[in-house]
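The values are calculated or read from the model by the stated rules, or taken from the named source; none is laboratory data. Only a predicted model underlies this, so the values are computations on that prediction, with no experimental measurement involved. We place every Cβ from the backbone using ideal geometry, glycine too, and count neighbours over all the protein chains shown.
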Amino acid sequence: MRLADAIQKDASEYLGDREFGYFTRAHFDFLVATDLNPQFAVEFDGLTHAEPDAVERDVLKNRLCKAAGLPLLRITSAELTERDKLTVLDYMMGRFVAWRDEIPDIQRELQEQAAGLPADAAPNDYIDYFEPSIHFDLQHPFPATAAVRDRLWQRFRTAPAVAGRGYEVEHSSSHVRFLCDVGSSMKQGPLRRDDFTTCRLRVRAWEPSRPAEPLLEREVEASIRSWLPLKETPPAPISLDAFLSLAGTDFRQLRDRSDHMRFAHLPGVSPWDIAENLAEYLGFRAVEEWARSQYSRH
């Protein structure tokens, strides 16, 4: 898709000869649209993007997208690498579509729960709970994580010590050979570069009878590039004004905080959430590799 076909240039906006020439000739790698309305563009940055000419073209494309308010996601081979037959880009696209279909029901359920709050409920106790994006994220872990957890149990009788994000523990403790934990001691943010969100998780495994003596202890991390430009599109808020009347509680503090929460991403595709879920998958893969080595010794 040409930039000129995806971006509406304002008639009053002046572009220099170089910018205008690029605007009319350049293409996006691909464009995601809803009912012919562009939602965001995706660009693949390969090895040649480090060359001076490519950098200059990238800057021009970034500038034009920013001026047009079109979110631009720049990906590398990391987002296209298959992990249990699924890529991170597949995962991101799936969440983007699911958000539109599922968030109204999530909001409705939360609003019904808000109606049953006691009159003396403290707003600070509910600030995170009534955030729709948190519930959405918990319902959408990286899909391949479930496959890894199943293999850990079926092949190595290794089970998570806690249920975790969207999963249940149904294994009899008498049959567990190893327990594992993915997610403790988490660090997240621009740990390496400002334009990437990195999630770092600690991974542990131990025998059920010796929880204080981990047999595996390491860190895994996942980095996801931030959106460019950062488009402020927070989840549509549940009617916090309705909470006031429904619960009979003073939720002004909660409402004020909600009004100022802004997420630098498109709905459902936060680099923060994607990195966290991918890191969890990588953590269980690390446990699987370790468990395989344990069984190969015997």
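Here are a few things to note about the model shown:
- The range 123-134, residues that are part of a loop (DSSP other than H, G, I, E, B) and surrounded by fewer than 19 Cβ atoms within 10 Å (Cβ to Cβ): 127, 128, 129
- Counting residues in the range 71-88 that are at pLDDT below 90, under 30 Å from residue 18 (Cα atoms), of a type outside the set (Asp, Glu) and surrounded by fewer than 12 Cβ atoms within 10 Å (Cβ to Cβ) gives one or more.
- Flag for residue 157 being under 24 Å from residue 175 (Cβ atoms) and surrounded by fewer than 18 Cβ atoms within 10 Å (Cβ to Cβ): yes
- Taking the range 197-298 as the region of interest, the helices (runs of 4 or more DSSP H) fully inside it that hold 1 or more residues being out of contact with any His (no Cβ under 8 Å at 6 or more places or on another chain) and modelled with pLDDT of 90 or more are 271-296.
- Meets criteria (of a type outside the set (A, V, I, L, M, F, W, C) and farther than 18 Å from residue 183 by Cα) for residue 120: yes
- Considering the range 2-24, the residues that are surrounded by fewer than 15 Cβ atoms within 10 Å (Cβ to Cβ) and in contact with a strand residue (DSSP E or B) (Cβ under 8 Å, 6 or more places away or on another chain) include one that is farthest from residue 77 (Cα to Cα), namely 24.
- Among the residues of the range 135-153, those that are under 30 Å from residue 178 (Cα atoms) and hydrophobic (A, V, I, L, M, F, W, C) comprise 138, 142, 144, 146, 147, 148, 152, 153.
- Of all residues making up the range 268-295, the number that are under 30 Å from residue 38 (Cβ atoms) and surrounded by fewer than 20 Cβ atoms within 10 Å (Cβ to Cβ): 1
One line per residue, one yes/no per condition, for (1) in contact (Cβ under 8 Å) with a residue 24 or more places away in the chain; (2) under 21 Å from residue 146 (Cα atoms):
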position	(1), (2)
75	yes, no
82	no, yes
86	yes, yes
90	no, yes
96	yes, yes
101	no, no
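- Number of positions in the range 23-49 that are out of contact with any Phe, Trp or Tyr (no Cβ under 7 Å at 6 or more places or on another chain) and in a loop (DSSP other than H, G, I, E, B): 6
- Just one of (1) outside the structural domain of residue 177 (by TED's automatic domain parsing); (2) closer than 30 Å to residue 214 by Cα fails for residue 151. It is (1).
- Put simply, of 120, 137, 150 the only residue that is farther than 16 Å from residue 276 by Cα, part of a helix (DSSP H, G or I) and of a type outside the set (Ser, Thr, Tyr) is 150.
- Test for residue 162: is it part of a loop (DSSP other than H, G, I, E, B), over 21 Å from residue 296 (Cα atoms), at pLDDT below 85 and over 23 Å from the mean Cα position of the chain (by Cα): no
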